[in-house]
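So the structure is just underneath, and the comments pick up after that.
The values are calculated or read from the model by the stated rules, or taken from the named source; none is laboratory data. What you see is a predicted model; the values in this text were computed from it and never measured. As a convention, Cβ positions derive from the backbone with ideal geometry for all residues, glycine included, and neighbour counts pool all protein chains shown. SASA here: full protein model, heavy atoms, side chains in, ligands and nucleic acids out. Shrake-Rupley method; radii C 1.70, N 1.55, O 1.52, S 1.80 Å.
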Amino acid sequence: MDINIPGVGSFHLTNVVFDLNGTLAVDGSINDDVKQRIRKLSQQFHVVIASSDIHNTLTALAKELDVDYYILKSGEIAPQKAAIVRQLGANSTIAVGNGTNDWQMLREAAIGIAVVGKEGASLKAATNADILVTGAADAIDCILNPVRLIATLRF
């Protein structure tokens, strides 16, 4: 997707990296509405889910949704997520997360979207994002409808 945000710049966005728990999933489960949106998003973007997978659901979920995934090592999760964004190309990547371990990828990505959902959001994630939304569906809808990104981010 090519997008020009007045006062910010032009971007050629090809990747979306999601955190799993608290962002896409609530208590380890993703609702069907969000799954449908991810499938639609996958038609336009390379979708990746990165998580330490505390509920042990990521492998099956990624296969069901036909997306790429990374199960991260315990410990320093934030730098691992930021490294994934850099590996994909930060200038062409949107990152979506909610937790303290998401702040680096939100800052690193061309566009960072923090989700303030049922599990909340960390202040560190929120202050390093470009956009705040109230749920995973809203985050995906902003990506699928780039006029929303432009309206929110333009100067």
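Take every pair of alpha-carbon atoms less than 8 Å apart whose residues are at least six positions apart; their mean separation over the length of the chain yields a relative contact order of 25 percent. Per-residue extension of 0.36 nm, minus the Cα-Cα distance of S10 and K40, leaves a gain of 8.5 nm for this segment.
Remark: spin-label model distance V26-I150 equals 3.3 nm, labels positioned 7 Å along the Cα→Cβ axis. If both residues of a DSSP beta bridge must be in the stretch 70-152, then about 10% of such bridges are antiparallel.
Calculate, for K73 and D2, the FRET efficiency according to 1/(1 + (r/R0)^6) with r their C-beta to C-beta distance and R0 35 Å; round to the nearest 0.05. Efficiency, rounded to the nearest 0.05: 0.50.
Computed with a 1.4 Å probe over protein heavy atoms only, the accessible surface of the stretch 67-145 comes to 43 Å² per residue.
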